[in-house]
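One structure below.
Since every read-out is calculated from the coordinates, none of them should be taken as a lab result. If you're wondering where the values come from, they're calculated on a predicted model, not measured in any experiment. Here Cβ is always computed from backbone atoms with ideal geometry, including for glycine, and neighbour counts include all displayed protein chains.
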Amino acid sequence: MRRLLTIVTILLACALLSAALPAAAQDASEVTLTMWTHDGLYVQFFSARAEEWKERHPDVNFTFEFEVVPSVFDKVLGNLAAGEEIPDLLGIEQGSFPRFMQGGIIESKFLDLTDLLADDYDLIVEGRHTPYKYQGRVYGVDSSLCAVVYYYQPSIFEERGLSVPTTWDEYIETGAALAEEGIAMSYITDHGGMFMMYLLQRGGAIFDEHGEFVLPEEENRTIAIEVLNLLREGLDSGAIRYVPSAEVWGPAIINAYREGNLVGAIMPDWYSDYILKPQAEDMAEQFRIARMPIWDDGNSHKTSVWGGTGFAVAKENDNAQYAWELLQYTYVTLENQIKRYEEIAYYPTMAAAFHDDRIVGLSDPFYAGQKTGEVFAEIVDDVPIWYQSLFRRTFELQMAAELALFFDGSVTADEAIDNIVQYMEDEIAFAE
Amino acid sequence: MGERFGQRLGVIALHVVVISGALLTVAPIVFMIYSSFKTTTEIFTLPPWLPPAEWSFKNYETLLTGWAYPYWYINSIIYAAVVTIFVLFFCSLAGFAFAKYYFRGKNLLFIMLIGSTMIPFQLILIPLFILMSRIDWVNHPASMIVPWMAPAFGIFLMRQYIQAVPSELMESARIDGASEFRIYAQIIVPLVRPGLTTLAILTFLGSWNSFIWPLMVLRGNRVITLPVGIATMRSQATASQIPYGEMMAAATLVSVPVILLFLMLQRYFISGLTIGAVKG
Amino acid sequence: MVQAAMTRGREARAGGGFQQHKLAPYAFISPFYVLFAFFFLAPSVIALVLSLFRWDGINDPRFVLGRNYGRLLSDKVFAQAATNTAVYAIASLFIVIPLALVLAVLLNAKSLRFSNVWRAMYFTPVVTSTVAISLVFQILYNQDTGLLNAPLIYLGLEPIYWLGDRSWVKVAIIILIAWRSTGLLTIYFLAGLQSIPEELYEAASIDGASMLQKFFRITIPMLRPIILFVSIIVLLSSIQIFDEIHILTNGSGGPANASMSVVQYLYERGYTRLRLGFASAVGTVLFATVFILSLLQLQWYGVFRKED
């Protein structure tokens, strides 16, 4: 036993010693900027911009290490817990932002961008700041507008003399007609975020701007039930198809498009280049974009919103200043927001960009030359605001479970909402 | 006559059952290999059991040139090999002690040993990672090797094998003045070679396949191992294509060497289990 | 059996006398205990202590006594994950093990030609990479174009929602477990079968025993130790199942948590929400369960018998 103790002591001593050694000082003229993200398109775009930007610092020799890292947020949070280095720039997918709100990590480890954005703050639509806000301060710059539209195959409608529906009633009606031939208009899955997307369009909210859980309030509860019943109606009529969450982004959907038994999808702007185009290269010219259907009583936004990735700067890193400069250059200039659209088709977050001919005038060959930017220009002023909360992830995951039960008819809309509210209240009480 | 007919029928039925089961078992692997030669569209086209229309090596080409795949491969091989060597040594040594010696606290130590296999790895993931960070082992090859050098399962397995070795051999060696370590090295090790083969295969496989730990401790495109690399390919779905075909090519190349290794060692492996596993 | 008893006798006599002989075993087992203490025991103790705290990994931990455990035991999702895990464990024990046993008997049949080839084929799934093969199965389970549904579609039957239906998703995961582990278990059983003396079967044949009678009266009793050995391995691995489900369901454990395992619950609720104390509480409960179950099994197995 003594022997064992000795060895453990030696090992521990080594450990403490090595931890105490100072990190090698970095040569001022040699700078390595690092970035981690989950989406390769960002790597592509940042790399291109970084090459231009580094000309501003001719005295510095930059190396850029921009990487796609699997399970990137698990890894960053693990590193933070262990006191390990994190990248200078981190693309935080907005769904994971609440993980960084926990314990105020975002505030203690990342740069507060509110004042740095200065006058540029107002140029970006408010709804693209809120997903990265913690206690009223902004910590991320978003990568795209994330406004929701309807991607569809016009030929399916034209062959049957149908037109593209503009309201939900028409949508269900058209869908019911197509359902007779086994064709669905779009699809849903048991995903909490997807539900929030439909809910926001109707003007509902799960959390308010302080992150409080407001679903139990009468107004929001009513809207949530309305939305669930709309989806129910869609499923029952065959207009909307249920797809297991494991298959939502994969080739199963693309194949259904290809076989003509699925018209399209109600999805945000990133769906186009991140999901659709790469997988359906062979279906070029078969798709178009239209506004998503609105609620018939007029009580609804023209669009909805879902997703986004905000780039944040690690404040304790040596290169925080350079990282912010690069981020500002890449994401917070109108010129490069337009370039971003041209290169990776993520829509600008600056409303002014939608007056630019390079956005509204650009015809996309994949959509048979349609000027898709025009569709977005019509809705950019009506994108709903998505508020963040510490409990958002808890909500989304449990809501996914409740949705699965609701979709297969095990519970009613009322029960589903009661269940989720009960669950959330337990979780919130536990976190007190 | 009737009996022989019945017997023959039985033999045929046996073959039918065994062969169809075997075919079902390898079907996903065949599918994987097929798919590695297909385009993504073709992978998802019915019927899925068809071989590729055209045996294209494009996926393999992209895999080897477009990704750091060769690095991942070499890393995985090195880690798996080094871990396996240490495991063979430490586990057989400890297994020997548990099988052939009486010492105070043996039962308690053995319960600890068994108990350690029941610690869910996810329970200690974060504390262990923090520990690695304190000793500066994050992104250091040691973190992939040292903690995994003496797994309890391997000791348990080796104990089973070594118990079957007759103790007379040890006794006579002792009378000849051999040290305890020499008894281990010159008598025990040669006799449990099949057992060591089994342990080697299982350890190599475990290391080769491990995912969460290398994901946590390794960083850098050329430093990671195969499973992490494949996961990276998956999350790196970019404008080019969600690389299903390339991922299947990657998966094929991951599996093939281990399958070959097994085929080569199969005889030792099975006879190794015969000796060890039978004696409770 | 007889030989084992003789061995024990000799060892007992050989004990004592040499000083080296007394110290050697400690030296031989020390690498394990040093590594274990440092890399596994210490983190486990930290985790155990953490389970009484609330800690996000960055700020100071706060002592909350049993609150993590209280929430855990009242969380319906944990109950669901525990039930699912029990289903996986039971299915592994009562479907996969018998399947492997029957397969081993078939592969051991003298009249089987090319048995080495078939054995190798059955073993191949064991050597495939979990990450890779889970991706393959995700494609195989695809509702419209998957290999598993293709025959159903071909026959004009309704395809199965393998990963979208709350019951089928468990079946899908059990199939994957069975596919991956049957081969290895079969090899263990084969090894056991080859050590059963042929005379026992011959004697039974003379007495006019049928195939089934031989299986239940000779094969099973003779394989008892190995069945127990295998069932411990299976129990341990099935209770800690994570990788397969995580990849097959895109990390969701869905639909409606219907496939979520306890370890996945730990990972999701604990780490992704940075409730490290809570995660530790889940891990501790899991460890306690597995430990007790395994001790019971080992007791039955006879590992702690004094003379062993």
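Kirkwood hydrodynamic radius for the stretch B:180-225: how many Å is it when counted over pairs of different Cα atoms?
About 13.1 Å, per the Kirkwood formula over Cα pairs.
Tell me the angle of helix A:334-344 to the major Cα principal axis of chain A, expressed in degrees between 0 and 90 and rounded to the nearest ten.
70 degrees
How crowded by other chains is C:248-261, given as the mean number of beta carbons from other chains within 10 Å of each beta carbon? Walk me through the numbers on the way to the answer.
Working: counts 1, 3, 7, 3, 10, 3, 11, 13, 12, 6, 3, 1, 2, 0.
Mean partner shielding for this stretch: 5.
For chain A, with only Lys/Arg (+1) and Asp/Glu (-1) charged at the beta-carbon, what is the dipole magnitude about the Cα centre, in debye rounded to 20?
Using Cβ point charges on Lys, Arg, Asp and Glu, chain A gives about 1200 debye.
Can you give the average number of partner chain beta-carbon atoms within 10 Å of each beta-carbon in peptide A:75-87, as a whole number?
6
Take the Cβ-Cβ distance between B:Leu265 and B:Arg222 as r, set R0 to 35 Å, and report the resulting FRET efficiency rounded to the nearest 0.05.
On the way: r = 30 Å, r/R0 = 0.86.
Between B:Leu265 and B:Arg222 the formula returns 0.70.
Need the list of lysines near C:Lys76 for cross-linking: C-alpha distance under 25 angstrom, and skip anything on the same chain fewer than eight residues off.
Partners found: C:Lys170.
Select from B:Thr197, B:Ala97, B:Ile187 the residue farthest towards the positive end of the dipole of the stretch B:58-278; place +1 on Cβ of Lys and Arg, -1 on Cβ of Asp and Glu, and compute about the Cα centre.
The one lying farthest along the dipole's positive direction is B:Ala97.
How big is the dipole moment of the stretch A:323-422 about its Cα centre under a simple scheme where the beta carbon of each Lys and Arg is +1, that of each Asp and Glu is -1, and everything else is neutral? Debye, nearest 20, please.
About 340 debye.
Considering every residue in C:183-189, what mean count of other chain Cβ atoms within 10 Å of its Cβ is obtained?
Taking the mean over all residues of the peptide, I get 3.
How would you classify the stretch B:20-104 from its alpha-carbon gyration tensor, with a ≥ b ≥ c the square roots of the eigenvalues: rounded for a/c under 1.5, else prolate if a/b is greater than b/c, otherwise oblate? If you can, show how the numbers build up before the last one.
Values: a/c = 5.96, a/b = 2.05, b/c = 2.91.
It is oblate, given that a/c is not under 1.5 and a/b is not larger than b/c.
So which lysines can B:Lys100 reach, going by Cα to Cα under 25 Å and dropping same-chain residues fewer than 8 places off?
B:Lys100 reaches B:Lys279, C:Lys22, C:Lys306.
So, how do all the Cα-to-Cα distances of chain B break down into 10 Å bins, in percent, from 0 on up?
The percentages, shortest bin first, are 6, 20, 25, 23, 16, 8, 2, 0.
Measuring from a point 7 Å past the Cα of A:Glu30 along Cα-to-C-beta, which residues in the stretch A:37-77 have an amide N at less than 15 Å?
Output list for this probe position: A:60-65.
Just to be sure I understand: of the beta bridges DSSP finds with both ends in the protein assembly as shown, what percent are antiparallel, rounded to 5?
Once the DSSP bridges in the protein assembly as shown are tallied, antiparallel ones form about 60 percent.
Please report the antiparallel percentage of the DSSP beta bridges confined to chain A, to the nearest 5.
About 60 percent, rounded to the nearest 5.
Can you show me the helix-derived [θ] at 222 nm for the protein assembly as shown, built from DSSP H runs with n ≥ 4 at -39,500 (n - 2.57) apiece and divided by the number of residues, rounded to the nearest 500.
Taking each H run of at least 4 residues, the total per residue is -17500 deg cm²/dmol.
Can you give the Rg to Rh ratio of the stretch C:163-299, both from alpha-carbon atoms, with Rh computed by the Kirkwood formula? Could the numbers behind the result be given before it?
Numbers: Rg = 20.3 Å, Rh = 17.8 Å.
Over the Cα atoms of the stretch C:163-299, Rg/Rh equals 1.14.
Output the direction-averaged projected area (hull surface divided by four) of the convex hull of the alpha-carbon atoms of the stretch A:247-337, in nm².
Result: a mean projected hull area of 9.8 nm².
DSSP H helices in chain C with Cα extent of 20 Å or more along the helix axis and mean Kyte-Doolittle hydropathy at least 0.0?
C:19-35, C:76-91, C:168-193, C:220-239, C:276-301
Within chain B, which is the longest segment that contains none of the chymotrypsin sites (Phe, Trp or Tyr not before Pro) sitting in a DSSP loop with at most 12 other Cβ atoms within 10 Å?
Values: sites that count: B:Trp49, B:Trp55, B:Phe57.
The longest such stretch corresponds to B:58-280.
Compute the acute angle (0 to 90°) between the alpha-carbon long axis of helix A:40-53 and the principal axis of greatest extent of the alpha-carbon atoms of chain A; round to the nearest 10°.
60 degrees
Using a Gaussian network model on chain B with a 10 Å cutoff between Cα atoms, which of B:Met132, B:Met233, B:Met112 fluctuates the most?
B:Met112
Which of the trypsin sites (Lys or Arg not before Pro) across the stretch B:186-234 are loop residues per DSSP, with 16 or fewer other Cβ within 10 Å? Intermediate values should be presented prior to the final figure.
On the way: sites: B:Arg219, B:Arg222, B:Arg234; in loops: B:Arg219, B:Arg222.
Qualifying residues, ordered by number: B:Arg222.
Name the residue, out of C:Leu148, C:Leu157, C:Leu52, whose mean-square fluctuation peaks in a Gaussian network model built on chain C with Cα pairs under 10 Å.
C:Leu157
Shape verdict for the stretch A:53-141, please, from the Cα gyration tensor: rounded (a/c under 1.5), prolate (a/b greater than b/c) or oblate.
Since a/c reaches 1.5 but b/c is at least a/b, the shape of the stretch A:53-141 is classed as oblate.
Average the reciprocal distances over every distinct pair of alpha-carbons in the protein assembly as shown, invert the result, and give the Kirkwood radius in Å.
One decimal place: 31.0 Å for the Kirkwood radius.
Charges only on Cβ, +1 for Lys and Arg, -1 for Asp and Glu: so what's the dipole of the stretch C:71-301 about the Cα centre, in debye to the nearest 20?
Rounded to the nearest 20 debye, it is 380 debye.
P(r) of the stretch C:71-301 in 5 Å steps, Cα pairs, percent per bin?
Reading upward from the zero bin: 1, 6, 12, 15, 15, 15, 12, 10, 7, 4, 2, 1, 0, 0.
Can you tell me how much longer the chain between C:Trp300 and C:Ala209 gets when fully stretched, taken as 0.36 nm per residue apart minus their C-alpha distance, in nm with one decimal?
Full extension of this stretch gives 29.8 nm more.
Of the residues A:Gly204, A:Gly104, A:Gly308, which exhibits the maximal mean-square fluctuation in a Gaussian network model of chain A defined by a 10 Å Cα contact cut-off?
Taking springs between Cα atoms under 10 Å, the residue moving most is A:Gly104.
Using only Cα atoms, tell me the angle between helix B:106-116 and the longest principal axis of chain B; keep it within 0 to 90° and round to the nearest 10.
Tilt of helix B:106-116: around 10 degrees.
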